[in-house]
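What follows is a single structure, written as structure tokens, with notes after it.
The values are calculated or read from the model by the stated rules, or taken from the named source; none is laboratory data. Just so it is clear, the model here is predicted, and its values are computed rather than measured. Cβ placement follows ideal geometry from the backbone for every residue including glycine, while neighbour counts extend to all protein chains displayed.
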């Protein structure tokens, strides 16, 4: 398991629940994966492809699962496949669907996938001139990878212009050398993660992420402050449309470019007021924190799905099984996130939170002797299950109340759109 975040902790936990899995090795892992049974951390960097390959070959590793987007964009899958190591995760060519928003936009245009109208700029003044013609609200995106933070939804022209100047001024380094300016879409956002072997594509339960730092979806964008699943904004009928209008055309378009895409295709969607799905962005990996909300509801063994994708036989598997009910994940962040934040604070109450039946997924943590220490912006993700949305959300916040560290911050309104809505089948 390549990665060190909450997503990787959730994936590792789900994998070791299967008796077929002897051990999960996390590279480099975090304070949570360090304490899982049948799981251990390996102190290698995610970009140490040679070290990862050598370990996999010497230890006869059956499957390498790549969590984060950066090593995928840097070609870890290609490197491992060349050495005949089985990998879950797309090649560098496939990862362009996330690593270049301009490339992804062109793919969507060619495949007639519904998405926001957009223009790509490599010159700041040209981008500003375009914004002044189009007006606000408008969306400004770094073309490359920016850890989920390279998007500004600008309500005013000065805000949009400032975002362009910051990107071309080096706010996200090379990721901002090209800028994508998009029309502003209204509606509800939702995330559909899907397994694919390059031929067949099977969606997971739809989730809804809460990206802004502030309650009521206000303030700066983050990597995600919480999520819940399944979101009722995506009905079974709408999921059918997403499959035929978005997911399948995307896989066909990749195939037409001779890209053999195996792994997760993640569609970040806007469901318009008319109920139509439009793609906000594609990602080439599991979402974080959506994974922490979706996986606890999964009953089909995760390794069966991953191996079937890697071995190009997903179409031979029966339908994916899910438990009933809902799941909610609350992210606990360090004070100051998504800006500069403190590290090194001792964390207490994790065992008490888990004793309520919740899952505590570690993201920015490390073990220091017997003590768990905060070591990142998003520190923990606390997930709970319930037969209704309200029960899942209440259970998650009950578990959150057990956990303490200096400056802890979390949104108190995760799942606010579904409270009182019940669960439809």
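Being more than 21 Å from residue 28 (Cβ to Cβ), surrounded by fewer than 23 Cβ atoms within 10 Å (Cβ to Cβ) and without any contact (Cβ under 8 Å) to a residue 60 or more places away in the chain is true for just one of 336, 386, 349. Which residue is that? Give the steps one after another, and end with the answer.
Numbers: 336 fails: without any contact (Cβ under 8 Å) to a residue 60 or more places away in the chain; 386 fails: without any contact (Cβ under 8 Å) to a residue 60 or more places away in the chain.
Result: 349 is the single residue among 336, 386, 349 that is more than 21 Å from residue 28 (Cβ to Cβ), surrounded by fewer than 23 Cβ atoms within 10 Å (Cβ to Cβ) and without any contact (Cβ under 8 Å) to a residue 60 or more places away in the chain.
Just for helices (runs of 4 or more DSSP H) wholly inside segment 228-319: which have at least 1 residues that are outside the structural domain of residue 143 (by TED's automatic domain parsing) and farther than 26 Å from residue 76 by Cα? Working first, answer last.
On the way: elements: 236-242, 248-256, 290-294, 302-310.
Hits in segment 228-319: 236-242, 290-294.
If residue 328 satisfies every condition in (1) in a loop (DSSP other than H, G, I, E, B); (2) touching a residue at least 40 places away in the same chain (Cβ under 8 Å); (3) within 16 Å of residue 231 (Cβ to Cβ) but one, which is the exception?
The number of the failed condition is (1).
So, in segment 369-383, exactly how many residues are in contact (Cβ under 8 Å) with a residue 12 or more places away in the chain and either more than 24 Å from the chain's Cα centre (by Cα) or in a strand (DSSP E or B) (or both)? Talk me through it step by step, then tell me what you get.
Taking segment 369-383 and keeping what is in contact (Cβ under 8 Å) with a residue 12 or more places away in the chain, we get 371-383.
Checking which are either more than 24 Å from the chain's Cα centre (by Cα) or in a strand (DSSP E or B) (or both) leaves us with 371-374, 378-383.
Residues flagged as in contact (Cβ under 8 Å) with a residue 12 or more places away in the chain and either more than 24 Å from the chain's Cα centre (by Cα) or in a strand (DSSP E or B) (or both) within segment 369-383 amount to 10.
Can you tell me which residue in segment 207-222 is surrounded by the fewest Cβ atoms within 10 Å (Cβ to Cβ), limited to those that are more than 14 Å from the chain's Cα centre (by Cα) and in a loop (DSSP other than H, G, I, E, B)?
Here the answer is 216.
Which of the residues spanning segment 384-407 are touching a helix residue (DSSP H, G or I) at 6+ places or on another chain (Cβ under 9 Å) and part of a strand (DSSP E or B)?
The answer is 384, 385, 386.
Would you tally the residues in segment 83-112 being over 21 Å from the mean Cα position of the chain (by Cα) and either closer than 30 Å to residue 53 by Cα or in a loop (DSSP other than H, G, I, E, B) (or both)? Give the steps one after another, and end with the answer.
Taking segment 83-112 as the starting set, the residues that turn out to be over 21 Å from the mean Cα position of the chain (by Cα) are 83-86, 106, 109-112.
Restricting the remaining residues to those that are either closer than 30 Å to residue 53 by Cα or in a loop (DSSP other than H, G, I, E, B) (or both) gives 83-86, 112.
Total satisfying the criteria: 5.
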